[in-house]
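One structure below.
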Amino acid sequence: MSVDEITAGGPSGGTAASDPDGPERRIYWAVADCWTIVRRDLTHLVKQPSLIAWQLGFPIVSVLLFVYVFGSAMDVGGGVDYTTYAMPGMFAMTMAFGFMNTAGAVVIDKERGVTDRFRSMPMAPSAVVTGRGVSDVLHAALDLLVLAVIALVVGWRSDGGALATLYAFALLLLLRFALIWVGVWIGLLAPNQESANNLFAVAFPFGMVSSVFTPPSAMPDWLGAVAMWNPVSSTATAVRELFEAGAPVGDSWIEQHAELMAVVWPLVITAVFLPLAVRKFGNLAR
Amino acid sequence: MRTRASDHSVLAEGLRKSYGEKRALDGFDLAVPRGTVYGLLGPNGAGKTTAVRILSTLARLDEGRAWVGGRDVRREPRAVRRRIGLTGQNAAVDEIITARQNLEMFGRLFHLGTARARRRAEELLDWFSLAEVADKQPKGFSGGMRRRLDLAASMILAPEVLFLDEPTTGLDPRGRSEVWQAVRDLAADGTTVLLTTHYLDEADRLSDRLAVIDRGRNVTEDTPSGLKRAIGGDRIEVVAGAAEDIPEIVRAVARVAAEGGEPETDIEELRVHAPVDDRVAALTEAARSLRDAGVAVADIGLRRPTLDEVFLALTGHLAADPADSADPADPATADEAARPAGALDTADEEPGQAGPRSEASV
């Protein structure tokens, strides 16, 4: 029986759709359903372009503040221009804060019952999570594009080659990808939207106590150690090196291996939080 | 079992489900004949939502068996999902994309393919009178419109069973009547509807049959009129202007009371009431005889039993009796307090708010 028949007659006309497909059809639908969810999120962007402006408001204001207000007073050593130092940090910070968008979107769907509607439908259950992941990475790529254009306008340049620069942006997206699972997990954990919004209190120090705006060596020892081991620092430092910013890098092991750690940290975060997020999603059926 | 499963769109036997210590369903049975509107009536926390969540594959059951559309909810959840529509307590639609985009998205997720999803969206927008707002965002909709969009999304695959979990909670009277009309239209079209509600009049107006659920167990199962007969149905109520008029009022009320129904008197509130069969005739007759007798009344009218009274009549306790739950000696009350933190996610209303278990009153 084909699905054609169901649209005959009124809303109750016809009969239910045919029963389960083979494994290859399942894979097809997992991808197709994921894409349907991604399209929905992209439509959100089209419907509310201001969404991007809001989400980028903080990094953009930060760029302007740090470059024009604090920039002249900042000395990160090595005679490096502060814009050159701070821009890669800004990119990394935007990626790091991105998990709050994920958590917010997940909690809204959960609160409104949209997640339950999806779960009561014969769609691929994985698509709810994979769709979120794909659209968040696309969203992050758009964020980076807008930020890079603004950075170019205020005088930032990458001195790395085209490949190194692209690799740097790939590392930034990798960090964002890893944090999607943190966002999904927190979004499923949060009882409501307000509590998800309060996450900023946690996210802010997570983004700031890092090498994003200042070298950890300039911080008190204990704080510097925390900042050095912050995954955001590894990505920021690695990206700086790929852009050939020429900023001096501390001589601790973690700082010397930033490019390696910019890959390892996201993998570790994914390895921990992806299973947590999947388990939490499964627990919705409790 | 399978033979009964084919006569019934929904069949459940001995459903049990606990959230920690709290038993949300405690051996619940349900049999919804094909093509009927079936009401599941009970106070908050009675287990209605848990039952719907289990039957719509959203929650796992601990014990028991259930078939929806002839398919086992535990073994064939995907097959069940192809046969059901679900409208939960929130209007589960995307607020930002338009009404049409919502229906097209859900259509694609039901695997209709883009062209058919588009056509189906168009049909449903027409059917649910949403064509005029098809290209608007639901965030600007009234409660009733949002619900109708939600219902439309539940009807994409022309489901065999439509679950409506408290579909009119939080709606204004207009929104409520809009939803009622939509449900009646669907029922007339042949869809089996399982409706949960804690409004007696809603259950009365919409359903062909009713099950009353309390504390996760079946209390009774009947037609709305059978249930009303069982609990006394409508009552005439007269409030006296002065206490000395009460004997005369009792005589007048007794003359119009339903067979076997004795007038009851509440001396403190000067209230006399009795069950009636023919509502309007009883009211006019009582009013005339009181006027002829020269008795001035403060108020006279017809009253339907409230849900509290139904519960009092059926279970011997009120839906949510504060005196009961304050009893620290009741071991079940202690259970209520030990609400599992993890249950927050899945069953907002179920644990904690349920009436206390009191052996004496059951």
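Quick one: check the C-alpha center-to-center distance for segment B:22-46 versus segment A:98-127, whole angstrom.
27 Å
How far apart, in nm, are the 7 Å Cα→Cβ label points at A:VAL61 and B:ALA298?
6.1 nm
Express in nm, to one decimal, how much length is gained between B:GLU244 and B:ARG75 on full extension, taking 0.36 nm for each residue of separation and deducting their alpha carbon distance. Write down the numbers at each step before the final one.
Numbers: separation 169, 0.36 × 169 = 60.84 nm, distance 6.83 nm.
Residue separation times 0.36 nm, minus the Cα-Cα distance, leaves 54.0 nm.
Can you tell me the length gained on complete extension of the stretch A:ASN198 to A:LEU166, counting 0.36 nm per residue apart and subtracting the Cα distance? Mind showing how you got there, number by number?
Working: separation 32, 0.36 × 32 = 11.52 nm, distance 3.38 nm.
Extra length from A:ASN198 to A:LEU166 when fully extended: 8.1 nm.
Cα centroids of segment B:252-277 and segment A:134-208: how far apart, whole angstrom?
Between the Cα centres of segment B:252-277 and segment A:134-208 lies a distance of 72 Å.
Over all directions, average the projected area of the Cα convex hull of chain A and note it in nm².
Values: hull surface 72.9 nm².
Taking a quarter of the hull surface, the average projection is 18.2 nm².
Figure the gain on full extension for B:ALA313 and B:GLU268 (residue separation times 0.36 nm, minus the Cα-Cα span) and round it to one decimal in nm.
Numbers: separation 45, 0.36 × 45 = 16.20 nm, distance 2.21 nm.
Taking B:ALA313 through B:GLU268 to full extension adds about 14.0 nm, to one decimal.
Which entries of B:LYS17/B:LYS139; B:LYS17/B:LYS136; A:LYS47/B:LYS17; A:LYS110/B:LYS17 show an alpha-carbon separation above 31 angstrom in the structure shown?
Working: B:LYS17/B:LYS139 35 Å; B:LYS17/B:LYS136 41 Å; A:LYS47/B:LYS17 42 Å; A:LYS110/B:LYS17 22 Å.
Among B:LYS17/B:LYS139; B:LYS17/B:LYS136; A:LYS47/B:LYS17; A:LYS110/B:LYS17, the Cα-Cα distance tops 31 Å for B:LYS17/B:LYS139; B:LYS17/B:LYS136; A:LYS47/B:LYS17.
Would you mind computing, in nm to one decimal, how far apart the modelled labels at A:LEU267 and A:VAL153 are, each placed 7 Å from Cα along Cα→Cβ?
3.9 nm
Measuring from a point 7 Å past the Cα of A:TRP54 along Cα-to-C-beta, which residues in segment A:172-214 have an amide N at less than 17 Å?
So the set is A:192-201.
FRET efficiency for A:ASN283 and B:GLU95, Cβ-Cβ distance as r, R0 = 22 Å, nearest 0.05?
Working: r = 26 Å, r/R0 = 1.17.
For R0 = 22 Å, the calculated efficiency reads 0.30.
With +1 on each Lys and Arg Cβ and -1 on each Asp and Glu Cβ, how big is the dipole of the protein assembly as shown about its Cα centre, in debye rounded to the nearest 20? Write out the running numbers ahead of the final one.
On the way: 65 positive and 83 negative charges, 443 e Å.
Dipole magnitude for the protein assembly as shown comes out near 2120 debye.
In degrees between 0 and 90, to the nearest 10, how far off the longest principal axis of chain A does helix A:126-153 point, with axes built from Cα atoms?
For helix A:126-153, the angle is close to 30 degrees.
What average count of beta carbons from other chains do you get within 10 Å of the Cβ of residues in B:143-153?
Values: counts 0, 0, 0, 0, 0, 0, 0, 2, 1, 1, 3.
Mean number of neighbouring Cβ atoms from other chains: 1.
Hey, rough spin-label estimate for B:GLU259 and B:GLU63, points 7 angstrom out along Cα→Cβ, what's it come to in nanometres?
If labels sit at B:GLU259 and B:GLU63, their model points lie 4.4 nm apart.
Compute a Gaussian network model of chain A, connecting alpha carbons closer than 10 Å, and tell me which residue from A:PHE169, A:PHE70, A:PHE206 fluctuates the most.
A:PHE70
Can you tell me which of A:VAL209, A:VAL226, A:VAL107 moves the most in a GNM of chain A? Springs connect C-alpha atoms under 10 Å apart.
Largest GNM mean-square fluctuation: A:VAL226.
Where Rh is the Kirkwood radius over the Cα pairs of segment B:234-303, the temperature 10 °C and the viscosity 1.306 mPa s, what D in µm²/s does Stokes-Einstein return? Walk me through the numbers on the way to the answer.
On the way: Rh = 11.4 Å.
Rounded, D is 139 µm²/s.
Can you compute the charge dipole magnitude of segment A:37-285 about its Cα centre, using +1 on each Lys and Arg Cβ and -1 on each Asp and Glu Cβ, nothing else charged? Give it in debye, rounded to the nearest 20.
Magnitude of the dipole: close to 1160 debye.
Counting each pair of different Cα atoms once, what's the Kirkwood radius of the protein assembly as shown in Å, rounded to one decimal? Show your work: numbers first, answer last.
Numbers: mean 1/r = 0.0353 Å⁻¹.
For the protein assembly as shown, inverting the mean 1/r across all distinct Cα pairs yields 28.4 Å.
Consider all pairwise Cα distances in segment B:159-281 and report the whole-number % of them above 21 Å. Walk me through the intermediate numbers first.
Numbers: 4187 of 7503 pairs.
The share of Cα pairs beyond 21 Å in segment B:159-281 comes to 56 percent.
Calculate the mean, over all residues of peptide B:70-82, of how many other protein chain Cβ atoms lie within 10 angstrom of the residue's Cβ.
3
Calculate the all-directions average of the projected area of segment B:2-228's alpha-carbon convex hull, and give it in nm². It would help to have the intermediate numbers written out before the result.
Details: hull surface 48.4 nm².
Quarter of the Cα hull surface area: 12.1 nm².
Using a Gaussian network model on chain A with a 10 Å cutoff between Cα atoms, which of A:GLY71, A:GLY183, A:GLY133 fluctuates the most?
Largest GNM mean-square fluctuation: A:GLY71.
When you look at the Cβ of every residue in B:91-98, what mean number of other chain Cβ atoms sits within 10 Å?
Details: counts 4, 10, 4, 10, 4, 10, 7, 2.
Per residue, the average neighbour count from other chains is 6.
About its Cα centre, what dipole magnitude does segment B:2-228 give when the only charges are +1 on Lys and Arg Cβ and -1 on Asp and Glu Cβ, stated in debye to the nearest 20? If you can, show how the numbers build up before the last one.
Values: 37 positive and 32 negative charges, 153 e Å.
Computed about the Cα centre, the dipole is about 740 debye.
Determine ³J(HN,Hα), in whole Hz, for all residues of segment B:32-47 in sequence, where each value follows from phi through the Karplus function 6.51 cos²θ - 1.76 cosθ + 1.60 and θ = phi - 60°; x replaces Gly and Pro.
Per residue, the Karplus-derived 3J(HN,Hα) values read 9, x, 3, x, 10, 9, 10, x, 10, 10, x, x, 4, x, 6, x Hz.
Hey, which lysines would be in cross-link range of B:LYS22, C-alpha to C-alpha under 20 Å, not counting anything within fewer than 8 residues on its own chain?
B:LYS48
Taking R0 as 22 Å, what FRET efficiency do you get between B:ALA230 and B:GLN181 from their Cβ-Cβ distance, rounded to the nearest 0.05? Walk me through the intermediate numbers first.
Numbers: r = 28 Å, r/R0 = 1.29.
Taking R0 as 22 Å, the efficiency between B:ALA230 and B:GLN181 is 0.20.
Using +1 at the C-beta of Lys and Arg and -1 at the C-beta of Asp and Glu, which of B:SER207, B:GLY27, A:MET208 has the Cα lying farthest in the positive direction of the dipole of the protein assembly as shown?
A:MET208
Farthest toward the dipole's positive end in the protein assembly as shown, which of B:ASN218, A:VAL264, A:GLY71, given Cβ charges of +1 (Lys, Arg) and -1 (Asp, Glu) about the Cα centre?
The one lying farthest along the dipole's positive direction is A:VAL264.
Where the centre of each part is set by its Cα atoms, how far does segment B:78-111 sit from segment B:236-251, in angstrom?
Using only Cα atoms to place each centre, the spacing works out to 56 Å.
Bear in mind these aren't lab numbers, they're just calculated from the coordinates by the rules spelled out. Owing to the predicted nature of the structure, the values given are computational and were not obtained by experimental measurement. We place every Cβ from the backbone using ideal geometry, glycine too, and count neighbours over all the protein chains shown.
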